[in-house]
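Here the structure comes first, spelled out in structure tokens, and everything after it is commentary.
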């Protein structure tokens, strides 16, 4: 992977990885991992993002609640509605686009070209955003406060929009 693009991604995430293996795992889709494992020559075990995406999903939920409370939402209903908006696949895919995951060819995957990739872009990006949050959480020694800072940075446009709309 292009080191400059990786460093740019870390800047956009607000986190410099102590162990880049965590970042690479978050960027490795299971299709790539499977193909690498099944190669007849030079096969290699390439850990993929699925467990990090599961972890990232849970960390995002907690992080969103914390960030929303800090930004003025006071009721369970308000927090639940806003959190639900932000954790939708379409929103996470939008965040993935903002992070330039596909544009900078940062996700290792073996999904087809054209129509197949087009159909899978939303899931590919949203899963990778969740995996990145999971990887940040692991890389910080399971620090929710440090991960929350990254969540706030990644979702800064959404927080600014919420502020502009005087939404609590």
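What follows draws every value from the coordinates through simple rules; no lab data is involved. Remember, it's a predicted structure, so these values are computed and weren't measured experimentally. As a convention, Cβ positions derive from the backbone with ideal geometry for all residues, glycine included, and neighbour counts pool all protein chains shown.
Points to keep in mind about this one:
- Nearest-ten-degree value, helix 144-154 long axis tilted from longest Cα axis of the chain: 90 degrees
- Distance from the C-alpha centroid of region 64-104 to that of region 124-168: 8 Å, rounded to the whole angstrom.
- 0 to 90° range, to nearest 10: angle between helix 50-70 axis and the chain longest Cα axis: 20 degrees
- The chain, helix-only ellipticity at 222 nm - DSSP H runs n ≥ 4, -39,500 (n - 2.57), divided by all residues, nearest 500: -21500 deg cm²/dmol
- Going from the residue with the fewest nearby Cβ atoms within 10 Å to the one with the most, 46, 150 rank 46, 150.
- Segments 126-135, 97-106, 22-31 sorted - mean Cβ within 10 Å per residue, highest first: 126-135, 22-31, 97-106
- Across region 3-164, Cα-Cα distances exceeding 25 Å account for 30% of all pairs.
- Ranked by the mean number of other Cβ atoms within 10 Å of their residues, highest first, the peptides 9-15, 50-56 come out as 50-56, 9-15.
- Least to most buried among 66, 86 (fewest other Cβ within 10 Å first): 66, 86
- Scoring 136-146, 70-80 by mean Cβ neighbours within 10 Å over their residues and listing the highest first yields 136-146, 70-80.
- Ordering 151, 81, 122, 107 from the fewest to the most neighbouring beta carbons within 10 Å gives 81, 122, 107, 151.
- Between 0 and 90 degrees, the angle of helix 76-86 with respect to the longest Cα principal axis of the chain falls at about 30 degrees.
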